[in-house]
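Visitor: If you scroll down you'll find the structure; I have some questions about it.
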Amino acid sequence: MLITRRLTAAAALREVAPDAVVLPGNACGTPVTLLAELVRSSAETPGRHLVSGLLVDPPAFGPALRRGDLRLTSWHIAGEQRRLLADGLVSYLPGRLLDLPVTVLPRVDVVLLRTTPPDRHGYVNAGPSTTYLDSALESGATVIAEISDAVPPTHGMSRIPLDRLSALVESDADQPSYAPAPVDPVADRIADRIVELLPRGATVQLGIGAVPEAVARTLAEHVAELDLGLLGLVSEPMTQLVEAIARRRAPVEALELMGTAAFMDWARLNPALEMRTSRHLHHPVALARIPQLVSINSAVAVDLRGQVVAESVRGRVIAGVGGSNDFAEGAHLSPGGLRVIALRSTTKDGAPTLVAAHDPADSVSIAHHSVDVVVTEHGVAWLRGRTVEERREALAAIAAPEHRDHLSAADPVAARTEGAPR
C-alpha cells in the first residue's frame with residue numbers, strides 16, 4: 001500500500017524527471033502552487049512537457065518557454081497562452097474532451113491536482129473539477145496533490161483515496177477564480193428566444209460566456225413551467241437554476257464548477273450538485289439515454305451553410321474544441337434532442353458573426369450537419385432538414401440588419417477572402 005508523504009512543493013517537483021510529461025488539473029481545479037514550482041524549477045530541471053486544458057490563474061509560463069526549459073501543449077488556449085501560441089512557444093492540440101483518455105493520458109507521467117486536505121476516512125476531494133479525474137487516476141501516472149482548505153469538497157466522483165497519491169503538498173494559494181461575464185442586454189434577448197424553443201421536460205447543457213450565462217439566468221425563471229434539467233459545466237450565474245432544478249428533480253450532474261470564492265462556498269458539499277466525469281457526461285452513448293437533451297453553445301462565427309467556428313478568430317486560436325461536439329452528438333441521439341448555437345449577431349466592435357464563408361485560416365469546430373438551430377438577438381434560424389439555399393436565407397434573416405443585404409448577395413467562394421469577425 002502506497003504511503004502518502006507530505007512534501008514541500010520543491011521537494012515534490014524534484015522527483016519529477018526532466019523528460020516527464022505532466023498533466024495538471026483543469027479549470028478551477030488548477031494546481032496553482034505546484035505549477036508555480038514547476039515553472040520556477042524549470043531552469044534547474046529543463047525538459048519537462050506540460051500538457052493541459054483550461055488553466056485558471058496559472059503562473060506566467062512565458063520566461064520558461066522562451067528559455068526552452070519547459071514545453072507546453074494545450075487543448076484550450078486562454079490568457080497568456082494566446083500570445084505565446086502566436087509566438088510559436090505553445091503547441092495547440094485540437095481535440096474533444098471525450099478523447100483525452102486516448103489522446104493524452106497514455107503518455108502522461110505525472111498528474112498534478114488541487115484537492116482538499118485528507119478527511120478522516122482517508123480521502124481527499126478534487127472539489128470543482130472532475131472532467132478527466134477518473135481516467136487520470138487509472139492511468140498509472142504518479143499523482144501529486146496540493147491540498148488547501150480553500151478547495152470546496154463536493155459530492156459525487158470527486159473523492160480520491162490517499163493511497164493513490166504519491167505526495168501531498170500544502171498550498172496557501174487562493175482558490176483559482178473565474179469571474180462571470182458582464183450582464184449583456186443583447187445576450188438577454190438571445191436567452192428569451194432560446195426559452196421559447198425548449199420542450200417541457202428538457203435537460204439543458206450550457207457552455208460558458210455571456211450568452212449561455214444569460215440563458216441560465218433566464219431559465220431559472222422558467223424551471224417550474226418547463227420542468228427543466230441541467231448537466232455539464234456549472235458556472236456562477238447558474239446557481240439559482242441549479243437550486244431550482246435540484247428541488248424539483250434531482251441533483252445537477254456537473255463536470256466543472258467555475259466561479260469566484262463566493263461561488264465555491266456555495267458549492268461546498270452542496271446537495272444540489274453531483275460531480276461526474278467525461279465517461280458519463282461527454283459520451284454520446286450515455287447522453288443519448290437522456291430524453292430531450294438540448295445542447296446550447298456559443299460560437300465565434302457561423303457561415304451561411306451552418307458551419308460553426310468556435311475556437312479561433314482569423315486563424316488565431318482563442319479557446320478549444322472542448323465538449324461541444326460531445327454534447328451535440330448526445331443531443332442528436334437523444335429522443336427529442338436539439339442542438340443549438342447561440343451568438344450575438346455582431347461582435348462588440350460591430351463586425352458580423354454570421355458570415356458568407358469562414359476565413360480559410362479558421363477551423364470548423366462543428367460541422368453544418370451537426371447544428372439544428374442558430375439563435376441571435378434578431379431571431380431563430382432552423383437548419384435541421386433544410387437545403388443549403390434554405391439555410392442561407394434563414395441565417396441571413398437573423399443577421400444584424402446592416403449586414404443582411406451583403407449576406408444575401410454574397411458569393412460564398414469570394415467571401416472566403418473576407419472571413420469571420422476580427
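Visitor: Pull up all non-local amide H partners of A319: gap of 5 or more, or a different chain, and H-to-H distance under 5 Å with H placed in the peptide plane.
Guide: Placed amide hydrogens put I77 under 5 Å from A319.
Visitor: What whole number of Å gives the distance from the Cα centroid of the range 256-305 to the Cα centroid of the range 118-182?
Guide: 19 Å
Visitor: What are the extents of the Cα atoms of the range 185-415 along their three principal axes, in Å, largest first?
Guide: Its Cα atoms span 55, 36, 31 Å along the three principal axes.
Visitor: What is the angle, in °, between the Cα long axis of helix 185-195 and the longest principal axis of the Cα atoms in the chain? Nearest 10 is fine, range 0 to 90.
Guide: The angle comes out near 80 degrees.
Visitor: Net charge around R164, counting only other residues with Cβ within less than 14 Å of its Cβ (Lys, Arg = +1; Asp, Glu = -1)?
Guide: Charge balance near R164 sits at -1.
Visitor: Net charge near H282, counting Lys/Arg +1 and Asp/Glu -1 over other residues with Cβ under 10 Å of its Cβ?
Guide: Numbers: positive: R96, R276, R279; negative: D99, D326, E329.
Every neighbour counted, the sum reads 0.
Visitor: Per residue of the range 284-299, what does 6.51 cos²θ - 1.76 cosθ + 1.60 with θ = phi - 60° give for ³J(HN,Hα)? Whole Hz please, x for Gly and Pro, Karplus curve as stated.
Guide: x, 5, 5, 5, 5, 7, 8, x, 6, 6, 10, 8, 10, 10, 9, 7
Visitor: Can you list, largest first and rounded to whole Å, the semi-axes you get for the chain by taking the square root of 5 times each eigenvalue of its Cα gyration tensor?
Guide: Details: eigenvalues 282, 134, 57 Å².
So the three semi-axes of the chain are 38, 26, 17 Å.
Visitor: Right, here's the next one. Convex hull over the Cα atoms of the range 280-422, averaged projected area in nm²?
Guide: On the way: hull surface 32.2 nm².
Reported value for the Cα convex hull: 8.0 nm².
Visitor: Once you have a ≥ b ≥ c as the square roots of the Cα gyration tensor eigenvalues for the range 10-87, tell me rounded if a/c is under 1.5, and otherwise prolate or oblate according to whether a/b is larger than b/c.
Guide: On the way: a/c = 1.75, a/b = 1.24, b/c = 1.41.
It is oblate, given that a/c is not under 1.5 and a/b is not larger than b/c.
Visitor: Give the span of the range 5-170's Cα atoms along each principal axis, as three whole-Å numbers ordered largest to smallest.
Guide: The Cα atoms of the range 5-170 stretch 47, 34, 27 Å along the principal axes, largest first.
Visitor: Rounded to the nearest 500, what is the 222 nm mean residue ellipticity of the chain from helices alone, with -39500 (n - 2.57) per DSSP H run of 4+ residues and division by all residues? Intermediate results must be reported in sequence, preceding the final value.
Guide: Values: 17 runs with 121 residues, N = 422.
Helix contribution divided over all residues of the chain: -7000 deg cm²/dmol.
Visitor: With Cβ to Cβ distances under 14 Å as the rule, what net charge do the other residues near L219 carry (K, R +1; D, E -1)? Before the final figure, lay out each step's value.
Guide: Values: positive: R193, R200, R217, R248, R249; negative: D188, D192, E196, E213, E221, E225, D227, E243.
Result for the neighbourhood of L219: -3.
Visitor: Under 5 Å between amide H atoms, partner at least 5 residues away or on a different chain: which partners does L72 have, H built in plane at 1.01 Å?
Guide: L50, S91
Visitor: Further question on the same structure: For the range 11-26, in order, what is each residue's ³J(HN,Hα) by Karplus, 6.51 cos²θ - 1.76 cosθ + 1.60 with θ = phi - 60°, in whole Hz (x at glycine and Pro)?
Guide: Using θ = phi - 60°, the values come out as 5, 5, 6, 4, 8, 8, 5, x, 9, 6, 9, 10, 10, x, x, 9 Hz.
Visitor: Something else now. Show log10 I(q)/I(0) for the range 211-285 at q = 0.18, 0.21, 0.23 Å⁻¹, two decimals, from a solvent-free Debye sum over equal Cα scatterers.
Guide: Result of the Debye calculation: -0.69, -0.93, -1.09.
Read-outs throughout are calculated quantities, based only on the coordinates presented, and are distinct from any laboratory measurement. Please read these numbers as outputs of a predicted model, since none were measured by experiment. Cβ sites come from the backbone with ideal geometry, for glycine too, and all protein chains shown count toward neighbours.
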